[in-house]
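Working notes, beginning with the structure itself.
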Amino acid sequence: MYLLSEFEKLNTGIDYKVSKKMQLDFVIRLIKKLMERNITDAGLARMLEDLLRMAVDYSEGREPGLRYYRKQKSVITNHVLKTHGLVYKGYYTALYMSLGLIFGSALGTILMATGNTALYATGVGPGLAIGVAIGAAKEKQADKEGKIY
């Protein structure tokens, strides 16, 4: 896929800080995973071409479109998740950590209703820990299946 070589050229040809802002390593990992799994999606290829065009424009200073670039990257990430089941590294950990925090806060609020406000933390901490543990397990499973880029 020629897009991989173009993104790699762009990544090596620009400043490290700009590359980090644009998360080019993330995009390169995604393209490599798509190639590894032999996924050919015409709509996705078109979106990646648009992303490359925006990246070149931003790196050359022609258009102050970092916000549009990131939005397009987000659209691509969601498309890959929904249609091909691929997720980025840390997706499940972040998802289940936030769910654990929500349920831990609810549990802490229930415990706090007894009159002791210090009991709030006894719900949040374990909820967060359980969420991280579940997320890490899901991520490990997805990694074994080759669904993480």
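Worth a mention:
- Residue within segment 73-92 that is closer than 23 Å to D15 by Cα and either acidic (D, E) or in the same structural domain as Y16 (by TED's automatic domain parsing) (or both) present: yes
- Residues in segment 14-60 that are over 18 Å from L81 (Cβ atoms), touching a residue at least 12 places away in the same chain (Cβ under 8 Å) and among the small types (G, A, S): A55, S59.
- The residue that is surrounded by the fewest Cβ atoms within 10 Å (Cβ to Cβ), among those in segment 134-149 that are in contact with a helix residue (DSSP H, G or I) (Cβ under 8 Å, 6 or more places away or on another chain) and of a type in the set (G, A, S), is G146.
- All positions within segment 60-105 that are among the β-branched types (V, I, T), surrounded by fewer than 17 Cβ atoms within 10 Å (Cβ to Cβ) and touching a strand residue (DSSP E or B) at 6+ places or on another chain (Cβ under 8 Å): none
- Residue that is surrounded by the fewest Cβ atoms within 10 Å (Cβ to Cβ) [pool: residues in segment 110-121 that are part of a loop (DSSP other than H, G, I, E, B) and not hydroxyl-bearing (S, T, Y)]: G115
- Search result, residues across segment 78-92 that are over 17 Å from M35 (Cβ atoms) and not aliphatic (A, V, I, L, M): N78, K82, K89, G90, Y91, Y92
- V124 falls short on exactly one of the conditions (1) surrounded by 13 or more Cβ atoms within 10 Å (Cβ to Cβ); (2) at pLDDT 90 or above; (3) part of a helix (DSSP H, G or I), and that condition is (2).
- Residue list for segment 1-22, restricted to those being aromatic (F, W, Y) and exposed (fewer than 15 other Cβ atoms within 10 Å of the Cβ): Y2, Y16
- Here G43 qualifies as under 30 Å from M22 (Cα atoms), in a helix (DSSP H, G or I) and modelled with pLDDT under 95.
- Hits in segment 23-40 - residues which are in a helix (DSSP H, G or I) and either hydroxyl-bearing (S, T, Y) or buried (at least 17 other Cβ atoms within 10 Å of the Cβ) (or both): L24, V27, I28, L30, I31, K33, L34
The values are calculated or read from the model by the stated rules, or taken from the named source; none is laboratory data. Being a predicted model, the structure only gives us computed values, none of them experimental. A quick note on method: Cβ atoms are made from the backbone with ideal geometry, for glycine too, and the neighbour counts reach across all protein chains shown.
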